[in-house]
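Enquirer: Submitted below is the structure of interest, expressed as structure tokens.
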There are 2 protein chains.
Amino acid sequence: MKVGVVQMRPIFGAVEENIDRAISIIGQVSSDLWVLPELFATGYQFRLAAEARSLAEPVLGGLTVSRLIEAARKFDAFICAGLPEIDRGRVYNAAVLVGPDGLVARYRKIHLFYHEKEIFSPGDLPFPVVDIGLAKVGMMICFDHFFPEAARTLAIRGAQVIAHPANLVMPIYAQLTMRVRALENGVFTATANRVGEESRTDEALHFTGESQIVSPSGEILVSLSPTEERAESVVIDPLEASNKALNAYNDRLGDRRPGFYET
Amino acid sequence: MKVGVVQMRPIFGAVEENIDRAISIIGQVSSDLWVLPELFATGYQFRLAAEARSLAEPVLGGLTVSRLIEAARKFDAFICAGLPEIDRGRVYNAAVLVGPDGLVARYRKIHLFYHEKEIFSPGDLPFPVVDIGLAKVGMMICFDHFFPEAARTLAIRGAQVIAHPANLVMPIYAQLTMRVRALENGVFTATANRVGEESRTDEALHFTGESQIVSPSGEILVSLSPTEERAESVVIDPLEASNKALNAYNDRLGDRRPGFYET
């Protein structure tokens, strides 16, 4: 199968335009599974919770997810992407995984970063892993990368590919940590980061790009530039992520000794 | 305080000579806490369990630990080092932390690597953290680096500095993962790796050197060469590792959400 990342520069608040551009970028390259950035259609830097609320959508029946499902059908692909979700009055930093037949999985960011704590409710759903036929796909969002428990949980639940929409602003961290997440869990990781700047508040945010796809052995298969809008995909064999052996004696998950771990 | 790593090339089986050389290398540089490699005095590649047993020592009263305590007294320093430990008939891949007043902490490798599973009993003691006055020091050995739960457990138990004796043979892995362990846990890590080759069986082992000390922000403070015998120390402030804040909103340990984690 092919997995790909879409690196793009959303225009804040221009939801339809951003969706159009994402779909146009996807159309230039073939992939079976696409990962788009966190909050790819709205932009990131909400001034207030009310602003996020005004741009938030329900996952079921909302514009963004509906357009993603249309695109999934058009390209016969699965698409993971981030959006602000509204549900029963709460606004979440969410991600969906959609395919030609509709929604297949959803996630709400469990580890909120920085001002997000003032904007979003913390995730209240489990880290999801879903079998899309081609692979078992798990989802986490951006800052979840910093907590090894996130990718570990997805791996224990059987994820072969971790789809990781991101809006990274801390230099190098996620590119480094996600390589280790792939290696320590024996999974493929696909981090789709955005590029560009937002300075809608006193604080200027620079998004670092360098979207990357990493193999279970920690090999960097795809690494995009810090600035370019671009989609790239690579052929992977998800079964590589089912074999957790490092050698004839060691198994990444089987060698764990939870009785000795603090949780 | 100063923390330092000793990178050396033990001669297999030449225990007293290896201890002498370690102490001589330490004597060239000043440090308050030294980390020596895993199995620094015996060498690594035991042909059979019986061979490890014949070189194993008790921690209390054994030659290696006694010599390390003498050296700690001489240099007014704490020393962490690896040795094969025999206790009640079992042989462990162990590490000790000694100071001028004697033994302060002990550890038995929890995640055994490769043929070690045929040579050693798996560790049966908790990951240790001990306050040496200058800092709270945790210990883990070599392959423990691959399991994020090890360093996480030490950090939750209050470690400010993780002493990490190693005999690394897998390229780059630990240098990469330990940088992430330091960053994700907000601790200092000191990995003392050995250099040289051993080919006492059909399998030639090449030990990768590149011992390193990393700060809680992931900065590489010390990085030795892949081949040289050498000690190097650096001034650190252990209190940096007590502040787990990444920014005004995020805390490396406080933001964990264990209810969502698989263990």
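Derivation of every value follows stated rules applied to the coordinates shown; laboratory data play no part. Quantities reported herein were computed from a predicted structural model and do not represent experimental measurements. Counting neighbours? That spans all protein chains shown, and the Cβs are built from the backbone with ideal geometry, glycine included.
Enquirer: Tell me the volume per residue, in Å³, of the convex hull enclosing the alpha carbons of region B:36-179.
Expert: 104 Å³
Enquirer: Using θ = phi - 60° and the Karplus form 6.51 cos²θ - 1.76 cosθ + 1.60, what ³J(HN,Hα) does each residue of region B:90-98 get, whole Hz, x for Gly and Pro?
Expert: Couplings: 9, 10, 10, 8, 10, 9, 10, 10, 10 Hz.
Enquirer: Treat each spin label as a single point 7 Å out from the Cα along the C-beta direction, and report the B:E16 to A:E17 distance in nm.
Expert: Here the answer is 8.1 nm between the modelled labels.
Enquirer: Now for a different question. Mind putting a number on the dipole of chain B about its Cα centre? Charges go on the C-beta only, +1 for Lys and Arg and -1 for Asp and Glu, and I need it in Debye to the nearest 20.
Expert: 460 debye
Enquirer: Treating the angle as unsigned and between 0 and 90°, give the value, to the nearest 10°, between the Cα long axis of helix A:15-26 and the longest Cα principal axis of chain A.
Expert: 40 degrees
Enquirer: To one decimal in nm, how far is B:S242 from the same spot in the other copies, if labels go 7 Å from Cα toward Cβ? Please give the shortest first.
Expert: In ascending order, 5.1 nm.
Enquirer: A further question on this structure: Say a label goes 7 Å from Cα toward Cβ at A:R53 in every copy; what distances in nm does this one have to the rest, shortest first?
Expert: Label-point separations across copies, in nm and ascending: 7.2.
Enquirer: Also, I was wondering about something else. Using θ = phi - 60° and the Karplus form 6.51 cos²θ - 1.76 cosθ + 1.60, what ³J(HN,Hα) does each residue of region A:52-57 get, whole Hz, x for Gly and Pro?
Expert: Residue by residue, region A:52-57 yields 5, 4, 5, 9, 6, 9 Hz.
Enquirer: Then there's this: Please turn the phi angles of region B:173-181 into ³J(HN,Hα) values with the Karplus equation 6.51 cos²θ - 1.76 cosθ + 1.60 (θ = phi - 60°), one per residue in order, whole Hz, x for glycine and proline.
Expert: 3J(HN,Hα) across region B:173-181, in whole Hz: 3, 6, 4, 6, 5, 5, 5, 5, 4.
Enquirer: Would you mind listing the distances between the B:D124 label point and the same position in each other copy? Use 7 Å along Cα-to-C-beta, nm, one decimal, shortest first.
Expert: Those separations, rounded to one decimal, come out as 4.7 nm.
Enquirer: Also: Give the distance, in whole Å, between the Cα centre of region A:32-57 and the Cα centre of region A:185-244.
Expert: One Cα centre to the other: 18 Å.
Enquirer: Here is a further query. Sort A:H145, A:H164, A:H115 by Cβ crowding within 10 Å, fewest neighbours at the top.
Expert: A:H115, A:H145, A:H164
Enquirer: What ranking of B:E57, B:E232, B:E149 emerges when the number of other C-beta atoms within 10 Å of each C-beta is taken as an exposure proxy, fewest first?
Expert: Starting with the residue having the fewest Cβ neighbours, the order is B:E232, B:E57, B:E149.
Enquirer: How shielded is B:173-182 by partner chains, expressed as the average number of their Cβ atoms within 10 Å of its Cβ atoms?
Expert: Average per residue, whole number: 4.
Enquirer: Which of B:S223, B:A135, B:I79 sits closest to the plus end of the dipole of chain B, meaning its Cα is farthest towards the positive end, when Lys and Arg get +1 and Asp and Glu get -1 on the C-beta?
Expert: B:A135
Enquirer: Given R₀ = 30 Å, FRET efficiency for A:R157-B:D124 by Cβ-Cβ distance, to 0.05?
Expert: Once the sixth-power term is evaluated, E becomes 0.55.
Enquirer: Next up: For A:F40, enumerate residues with amide H under 5 Å from its amide H, sequence gap 5+ or separate chain, H modeled in the peptide plane.
Expert: A:G82
Enquirer: As a test of the formula, what do you get for chain B when each DSSP H run with n ≥ 4 contributes -39,500 (n - 2.57) and the sum is divided by the residue count, at 222 nm and rounded to the nearest 500 deg cm²/dmol?
Expert: So the calculated ellipticity at 222 nm is -6500 deg cm²/dmol.
Enquirer: Here's something else I'd like to know. For region A:2-243, what relative contact order do you get, as a whole percent, if you take Cα pairs closer than 8 Å and at least 6 residues apart?
Expert: 22 percent.
Enquirer: Along each of the three principal axes of the Cα atoms of chain A, give the extent in whole Å, ordering the values from largest to smallest.
Expert: Per principal axis, max minus min of the Cα coordinates gives 53, 41, 35 Å.
Enquirer: Which residues' amide hydrogens lie under 5 Å from the amide hydrogen of B:D87, considering only partners 5 or more residues apart or on another chain, with H built in the peptide plane?
Expert: The list, which skips near neighbours in sequence, is B:Y92.
Enquirer: Can you give me the angle between helix B:63-75 and the longest principal axis of chain B, using Cα atoms only, in degrees from 0 to 90, rounded to the nearest 10?
Expert: Value to nearest ten degrees: 60.
Enquirer: Okay, moving on. On the rotation axis linking copies B and A, which residue of B comes nearest by its Cβ, and by how many whole Å?
Expert: B:P148, 2
Enquirer: Sticking with this one: Of the peptides A:186-194, A:33-41, A:154-162, A:167-175, how do they stack up when ordered by the mean number of other Cβ atoms within 10 Å, highest first?
Expert: A:33-41, A:186-194, A:154-162, A:167-175
Enquirer: Treating only the Cβ of Lys, Arg, Asp and Glu as charged (+1, +1, -1, -1), what charge dipole size does the protein assembly as shown show about its Cα centre? Round to the nearest 20 debye.
Expert: 820 debye
Enquirer: Could you check the spin-label model distance between A:T263 and B:D131? Points 7 Å from the Cα along Cα→Cβ, value in nm.
Expert: 2.9 nm
Enquirer: Under Stokes-Einstein, with the Kirkwood radius over Cα pairs standing in for Rh, what whole-number D in µm²/s applies to the protein assembly as shown at 37 °C and 0.692 mPa s?
Expert: Once the numbers are plugged in, D ends up at 137 µm²/s.
Enquirer: With a cut-off of 8 Å between alpha carbons and a minimum separation of six or more residues, what is the relative contact order of region A:5-120 in percent?
Expert: Once normalised by length, the contact order is 24 percent.
Enquirer: A follow-up question, please. Compute the distance in nm between two label points, each set 7 Å from the Cα along the Cα-to-Cβ direction, one at A:S223 and one at A:R90.
Expert: Between A:S223 and A:R90, the label points sit 3.9 nm apart.
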